[in-house]
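Enquirer: Submitted below is the structure of interest, expressed as structure tokens.
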Amino acid sequence: MTTSLADHLRSLPDDSLAALLQLRPDLVVPVPADVSALAIRAQSRVSVARALDGLDQFTLQILDAARLTRDPDAGTTTAEAILAMAGGGARPPAPAAIRGALGRLRALFLLYGPEHELRVVGGVDEVSPYPAGLGRPAAELDPRSAAVCADPAKLRRTLLAAPASARAVLDRLAAGPPVGSVPPGSLQAPAVGAEDALPPDVTNGGAPTGSPVRWLVEHRLLVRVSSGKGGGTVELPREVGLLLRRETGPLGPISTTPPPVSGPPREAKAVDSAGAGQTMEVVRHTEALLETLAAEPAPVLRSGGVGVRDLRRLARVLGLDDPTTALLFEVAYAAGLLGELDLTGSATARYGGDQQVLPTGGYEVWRALSLAQRWEQLARAWLTMTRQPGLVGQRDDRDRPIPVLSAEAERAGAPASRRAVLGVLADLEPATAPTPDETLALLEWRAPRRARGREAAHREVLAEAAQLGVTGLGALTSYGRLLLADVTEADERAGGDPLGLLSEAESGDPSTAVRALDALLPAPVDHVLVQADLTVVVPGPPDPALAGELDVVAEHESAGGASVYRVTPASVRRALDAGYSADDLHALFRRRSRTPVPQGLAYLVDDVARKHGGLRVGSAGGYVRSDDEALLTEVLADRRLESLAFRRLAPTVLMTPYQVNRMLVALRDAGYAPVPEDAGGATVLTRPKIRRAPARTPVSTRAVDPLATPRLPMPRLLGVVEQIRRGDAAARAARRAPAVVRGAPPSGPAPVHGHSEALAVLQQAVRDKALVWVGYVDAHGATASRLVRPVSMGAGYLRAEDERTEMLHTFALHRITAAVLED
């Protein structure tokens with residue numbers, strides 16, 4: 001007796017059904033109405049594809065063995081048949097490993113039923129049409145090819161007669177996939193009446209004078225499945241592929257374990273030290289980037305993003321290459337440190353566009369954090385952002401360079417790719433540093449379906465992880481391992497906690513990754529070493545208070561393990577403009593310096609302070625006043641200031657028609673030290689005006705992977721199972737005592753509830769043009785029924801006409817739960 005998947009699921013205890021929902025969380029979004037709806041969803045193309053994406057190469061090969069050993073009529077296979085096929089290769093795996101893979105497939109319900117009657121769920125063949133990379137049987141492709149394949153001796157002779165170029169084509173298709181495209185002219189039809197003769201472009205010796213593909217098609221070793229003006233498509237029959245794989249086995253080379261990594265692990269301390277040094281550089285470069293954008297914001301292009309010219313300007317200022325600058329730009333934006341400021345209607349909009357990118361208010365909060373906390377915010381944003389910085393600078397489909405922050409660099413699968421690559425490194429022995437090729441090979445074995453075609457993106461992840469200090473010397477650092485575990489755990493609990501991805505640092509307590517990195521970084525210093533040449537050496541990372549003071553009183557010259565600043569007349573004047581007095585500066589240097597303050601520095605501060613404020617500036621357009629009449633006479637006679645058109649109003653007052661800001665710049669460029677004053681004569685303290693973009697929510701407070709489904713805890717899953725059971729009981733009660741639904745008769749033939757049986761009823765209704773009651777699950781997971789006359793069925797959909805409304809409806813076949821003829 002055939003048991004459908006729905007019947008099999010009904011027979012399971014609640015714990016087993018909850019385990020299935022835990023392994024495949026997409027099955028409960030939304031919660032199915034009953035077990036039949038759950039079975040349909042478990043066999044749908046999308047859900048099966050998600051389940052297959054998480055399987056390793058060996059488990060997928062065992063699933064292929066189950067598909068290849070199915071009985072054509074019954075559609076079932078046995079565990080013994082699978083063991084025989086998987087163990088028939090050159091290096092057969094252990095039976096225990098094969099049974100372990102079967103257990104994983106049965107737990108996911110990609111296989112179900114007892115061991116003597118295993119069934120493959122229907123969606124597998126839709127998602128992966130070529131098991132083990134083998135084509136369809138010759139009988140399904142072409143009767144003439146089937147005749148050749150039915151005679152093993154003739155098939156071997158034909159293969160031996162194939163020329164070298166044709167054999168190369170066969171070997172390539174036998175490795176999988178079994179289909180290939182050919183250029184126009186390669187698939188010419190044979191002459192009429194010459195089907196069994198040699199093609200006209202082949203000599204009697206068998207050497208082709210034309211295309212090797214044509215030779216293979218003419219000899220029925222390849223079957224043409226489509227043709228057109230742009231060429232055609234050919235497929236290798238399964239029997240030919242199996243014969244070509246006689247040495248490796250039907251499934252090809254089988255490996256039960258991932259490929260090995262060459263070389264011993266590195267020293268863990270060296271890995272962490274290298275990574276920690278890079279984290280300091282990342283934080284420093286990010287801060288420099290944000291300060292540069294604060295001084296000169298980058299305009300946003302009308303098409304979105306920041307232009308290539310501005311990116312190169314920033315790269316020159318930072319001393320980095322364009323890809324690294326783009327990475328820091330994207331990460332800072334994802335961390336909420338950068339944002340757009342709308343300038344519509346302002347005077348600035350005429351020069352820089354309607355929007356500009358500059359630091360947000362969160363930048364000040366970020367600067368006040370410790371170095372390890374600042375790095376964690378950047379690294380967490382990188383792990384969770386749906387951006388692929390490696391695409392910046394590449395050409396789009398219109399042959400234009402992709403700008404930074406543009407929509408073309410958006411990739412929903414980027415978080416999953418980063419976690420997959422770092423997950424490979426995390427599963428190795430600590431401090432193991434595989435080469436990029438070895439990492440890609442491990443990814444290919446762990447999840448072939450996800451890794452295929454993403455090699456370039458995975459290489460970019462490895463490079464970005466090294467640039468951000470997540471890895472060191474090619475190995476995952478200890479704090480990087482803790483951060484990855486924290487992010488993964490937060491992603492798993494995201495379904496029940498909308499803020500579950502907030503880092504512990506954001507909630508008040510340092511995370512384990514921050515504490516581990518803090519132990520590796522030099523302790524923040526609160527002192528400096530002032531040298532005789534007026535340089536200020538900071539012997540370590542400065543604490544936030546010291547860093548803020550140095551930004552005002554000195555010019556930054558170099559960075560590294562020890563930062564170097566220099567005190568200049570301009571920096572002292574900037575400090576005086578910001579409100580420091582000469583006594584404040586003397587006290588600051590005495591308090592912060594561990595070395596005696598040189599006399600030259602004290603003289604510089606006193607000299608600049610003595611001149612500072614000697615001139616007072618107001619508006620008249622603008623005026624200059626001073627108690628020193630000789631100084632005003634000097635200014636009035638200075639040829640460098642002729643453009644200001646000064647006029648003496650009194651012995652101590654000069655006036656100009658120009659605005660105060662222009663006058664201040666001109667006087668300072670000429671070597672004077674004026675200060676502005678207000679209408680009452682009080683000195684106006686000037687600090688750089690800081691503009692900030694509106695605050696943005698960092699991506700680390702949102703879902704890590706937008707394509708992932710939240711995993712529910714077991715108690716909630718058991719509640720979902722109970723809800724599904726209740727819905728199933730209600731559905732059975734409704735079938736036993738049917739009500740009239742949309743004109744349905746109160747009694748009649750029992751509906752067919754098996755999915756395959758329902759499809760058979762629908763196919764019969766299409767042929768007979770008969771009315772049929774169709775039960776289905778709508779887009780909201782609710783069940784409904786409709787009386788329709790099927791018109792056609794194909795490509796996964798049923799098209800049927802409702803005669804009462806004269807409307808044509810389309811039903812997805814995987815959503816149909818039952819079918820019964822009206823009569």
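Enquirer: What helices (runs of 4 or more DSSP H), lying completely within segment 75-130, carry at least 3 residues that are closer than 25 Å to Ala49 by Cβ and under 29 Å from the mean Cα position of the chain (by Cα)? Steps first, please.
Expert: Numbers: elements: 79-86, 95-107, 123-127.
Per the criteria, 95-107, 123-127.
Enquirer: Being at pLDDT 90 or above and buried (at least 18 other Cβ atoms within 10 Å of the Cβ): is that true of Ala513 here?
Expert: yes
Enquirer: I'd like the full set of residues that are among the aliphatic types (A, V, I, L, M), in a loop (DSSP other than H, G, I, E, B) and modelled with pLDDT under 75, limited to segment 680-706.
Expert: Within segment 680-706, Leu685, Ile690, Ala695, Ala703, Val704 meet the criteria.
So that you can scan it fast, the table gives a plain yes or no per residue for (1) more than 18 Å from Leu341 (Cβ to Cβ); (2) part of a helix (DSSP H, G or I):
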residue	(1), (2)
Lys269	yes, yes
His285	yes, yes
Ala294	no, yes
Pro299	no, no
Ser303	yes, no
Arg313	yes, yes
Arg316	yes, yes
Thr325	yes, yes
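Enquirer: Show me the strands (runs of 3 or more DSSP E) entirely contained within segment 522-618 in which 3 or more residues are open to solvent by 30 Å² or more (accessible area, probe 1.4 Å).
Expert: Those strands (runs of 3 or more DSSP E) span 555-558.
Enquirer: Name the pairs whose Cβ atoms lie under 7 Å apart, with the first residue in segment 205-218 and over 19 Å from Leu173 (Cα atoms), the second open to solvent by 40 Å² or more (accessible area, probe 1.4 Å) and at pLDDT 85 or above, and 6 or more positions between them or separate chains?
Expert: Listed pairs, sorted by first residue: Gly206/Ala161.
Enquirer: When residues of segment 766-804 are filtered for being in contact with a Pro (Cβ under 6 Å, 6 or more places away or on another chain) and open to solvent by 30 Å² or more (accessible area, probe 1.4 Å), how many remain?
Expert: Here the count works out to 1.
Enquirer: If I go through segment 398-444 residue by residue, how many of them are open to solvent by 30 Å² or more (accessible area, probe 1.4 Å), in a helix (DSSP H, G or I) and under 21 Å from Thr471 (Cβ atoms)?
Expert: Of the residues in segment 398-444, 9 are open to solvent by 30 Å² or more (accessible area, probe 1.4 Å), in a helix (DSSP H, G or I) and under 21 Å from Thr471 (Cβ atoms).
Enquirer: In segment 57-74, what residues are under 30 Å from the mean Cα position of the chain (by Cα), over 15 Å from Ala447 (Cβ atoms) and open to solvent by less than 10 Å² (accessible area, probe 1.4 Å)?
Expert: Within segment 57-74, Ile62 is the sole residue that qualifies.
Enquirer: Scan segment 288-306 residue by residue and report those that are crowded, with 18+ Cβ neighbours inside 10 Å and over 24 Å from Gly361 (Cβ atoms).
Expert: If the condition is that a residue be crowded, with 18+ Cβ neighbours inside 10 Å and over 24 Å from Gly361 (Cβ atoms), then no residue fits.
Enquirer: Name the single residue, out of those in segment 446-471 being in contact with a Ser or Thr (Cβ under 7 Å, 6 or more places away or on another chain) and open to solvent by less than 30 Å² (accessible area, probe 1.4 Å), that is nearest to Val271 (Cα to Cα).
Expert: Within segment 446-471, the match that is nearest to Val271 (Cα to Cα) is Thr471.
Enquirer: Of all residues in segment 805-823 being touching a residue at least 40 places away in the same chain (Cβ under 8 Å) and not β-branched (Val, Ile, Thr), which is surrounded by the most Cβ atoms within 10 Å (Cβ to Cβ)?
Expert: Ranking the candidates gives Ala819 first.
Enquirer: Additional query: What number of residues within segment 309-325 satisfy the criterion of being open to solvent by 50 Å² or more (accessible area, probe 1.4 Å) and either in contact with an Asp or Glu (Cβ under 8 Å, 6 or more places away or on another chain) or of a type in the set (D, E, K, R) (or both)?
Expert: First, pick out the residues of segment 309-325 that are open to solvent by 50 Å² or more (accessible area, probe 1.4 Å): 309, 312, 316-317, 319, 321-323.
Going one step further and asking which of them are either in contact with an Asp or Glu (Cβ under 8 Å, 6 or more places away or on another chain) or of a type in the set (D, E, K, R) (or both), we end up with 309, 312, 316, 321-322.
Counting residues in segment 309-325 that are open to solvent by 50 Å² or more (accessible area, probe 1.4 Å) and either in contact with an Asp or Glu (Cβ under 8 Å, 6 or more places away or on another chain) or of a type in the set (D, E, K, R) (or both) gives 5.
Enquirer: Next question. Inspect segment 662-670 for any residue being over 54 Å from the mean Cα position of the chain (by Cα) and under 21 Å from Thr535 (Cα atoms) and give the result as yes or no.
Expert: Within segment 662-670, none of the residues are over 54 Å from the mean Cα position of the chain (by Cα) and under 21 Å from Thr535 (Cα atoms).
Enquirer: Further question: Does any residue in segment 384-411 that is under 30 Å from Asp486 (Cβ atoms) come within less than 6 Å, Cβ to Cβ, of a residue that is surrounded by 20 or more Cβ atoms within 10 Å (Cβ to Cβ) and among the basic types (Lys, Arg) six or more places away or on a different chain, and which pairs are these?
Expert: Ala409/Arg387
Enquirer: Among the residues of segment 19-74, write down those that are within 28 Å of Met714 (Cβ to Cβ), part of a loop (DSSP other than H, G, I, E, B) and among the hydroxyl-bearing types (Ser, Thr, Tyr).
Expert: Within segment 19-74, just Ser44 meets the criteria.
Enquirer: Considering every residue within segment 38-46, establish whether at least one is closer than 21 Å to Ala818 by Cα and polar (S, T, N, Q).
Expert: yes
Enquirer: Still on this structure, please answer the following. Looking at the structure I just gave you, is Ala414 aliphatic (A, V, I, L, M) and free of Cβ contacts under 8 Å to residues at least 40 places away in the same chain?
Expert: So Ala414 does not fit the description; no.
Enquirer: Which condition from (1) over 30 Å from Gly275 (Cα atoms); (2) touching a helix residue (DSSP H, G or I) at 6+ places or on another chain (Cβ under 6 Å); (3) hydroxyl-bearing (Ser, Thr, Tyr) is the one that Ser581 breaks?
Expert: Status for Ser581: all satisfied but (2).
The values are calculated or read from the model by the stated rules, or taken from the named source; none is laboratory data. Quick caveat, the model's predicted, so the values are computed rather than measured. Don't worry about glycine lacking a Cβ; one is built from the backbone with ideal geometry, like all the others, and counts go over all protein chains shown. The area values use the complete protein model at the heavy-atom level, side chains included, leaving out ligands, DNA and RNA. Shrake-Rupley method; radii C 1.70, N 1.55, O 1.52, S 1.80 Å.
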